[in-house]
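Report on the following structure.
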Amino acid sequence: MTRGGRTKDRADGSERKCIATGETQPKFGLIRFVVGPDAQVVPDVLGKLPGRGMWVSADRVALKKAASKGLFSRAAKQKVSVPEDLVSEVEKQVARRVVDLISMARKSGEAVTGYEKVKDWLAKDYAEVLIQASDGSGRGKSKLSTPYGGHYIGWLTADELGLAFGRQTVIHGALASGGLTHRVVEEAQRLKGIRENGAAGAAQKGKTAR
């Protein structure tokens with residue numbers, strides 16, 4: 001049970017408390033950090049580094065607060081140093097994680113790119129996720145709609161999607177159900193939280209997930 005008497009949803013996996021907001025939530029909605037050998041805070045996006053974890057919500061405001069208010073030192077119960085570019089480094093690593101997962105999905109035949117192919121997958125109800133570049137033409141993107149009951153990812157740039165699909169730039173993409181899709185959606189939601197309201201500006205800010 002939680003402090004308020006609500007039973008935790010085990011389907012969401014184990015939970016952790018954010019050191020910046022004090023809120024407890026499933027691990028996939030947070031970023032794990034550890035203290036390195038040099039007493040410097042290190043982001044552990046994959047959650048595999050050794051050491052006691054410190055967790056911060058995948059939210060740019062929460063990350064900045066943790067980095068600037070001495071919250072990592074408090075959580076680690078020791079004096080630690082925080083890199084000046086910590087938040088941007090976290091953003092970079094999470095974005096790379098999303099790109100890598102989409103790339104793996106593509107190689108498994110679970111992802112396609114190109115307006116006509118994406119349109120065809122949507123028409124056949126084969127797509128679960130519509131992906132569109134944040135810096136793509138709004139008029140062009142408006143011609144495709146999020147699958148009913150599915151997801152939308154719109155906060156990766158055309159260059160980042162290009163890396164995922166093995167091309168120079170990509171505007172439209174789609175993911176099928178199953179496979180790596182659930183993991184892509186989870187990681188993309190973390191990236192959305194980090195990029196929204198951040199210095200990346202409107203070009204990096206995606207549509208609200210539907």
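Readers should treat all values here as calculations from the given coordinates under stated rules, not as data from a laboratory. Worth saying up front: this structure is predicted, and the values here are computed from it rather than measured. So basically every Cβ, Gly included, is an ideal-geometry build from the backbone, and we count neighbours across all protein chains shown.
Structural remarks
- Applying the Karplus relation 6.51 cos²θ - 1.76 cosθ + 1.60 with θ = phi - 60° to segment 186-192 yields 3J(HN,Hα) values of 4, 5, 5, 5, 4, 5, 4 Hz, where x marks Gly and Pro.
- Partners for K119 among aspartates and glutamates (Cα-Cα distance below 14 Å; same-chain residues under 8 apart left out): E128
- In a simple Cβ point-charge model (Lys, Arg +1; Asp, Glu -1; nothing else charged), the chain has a dipole of about 560 debye relative to its Cα centre.
- The listed peptides 40-53, 126-139, ordered by packing as a protection proxy, come out as 126-139, 40-53 (highest mean of other Cβ atoms within 10 Å first).
- In sequence order, segment 71-79 has phi-based couplings of 6, 5, 4, 5, 5, 7, 6, 6, 6 Hz under the Karplus curve 6.51 cos²θ - 1.76 cosθ + 1.60, θ = phi - 60°, and Gly or Pro positions carry x.
- Between K107 and L49, full extension at 0.36 nm per residue minus the direct alpha carbon distance yields a gain of 18.1 nm.
- To the nearest ten degrees, helix 86-107 and the longest principal axis of the Cα atoms of the chain are 40 degrees apart.
- A cut-off under 14 angstrom between Cβ atoms defines the neighbours of E116, and their net charge, with Lys, Arg +1 and Asp, Glu -1, is +3.
- Take every pair of alpha-carbon atoms less than 8 Å apart whose residues are at least six positions apart; their mean separation over the length of the chain yields a relative contact order of 20 percent.
- Surrounding net charge for A67, when Lys and Arg each add one and Asp and Glu each subtract one, Cβ distance under 13 Å: 0
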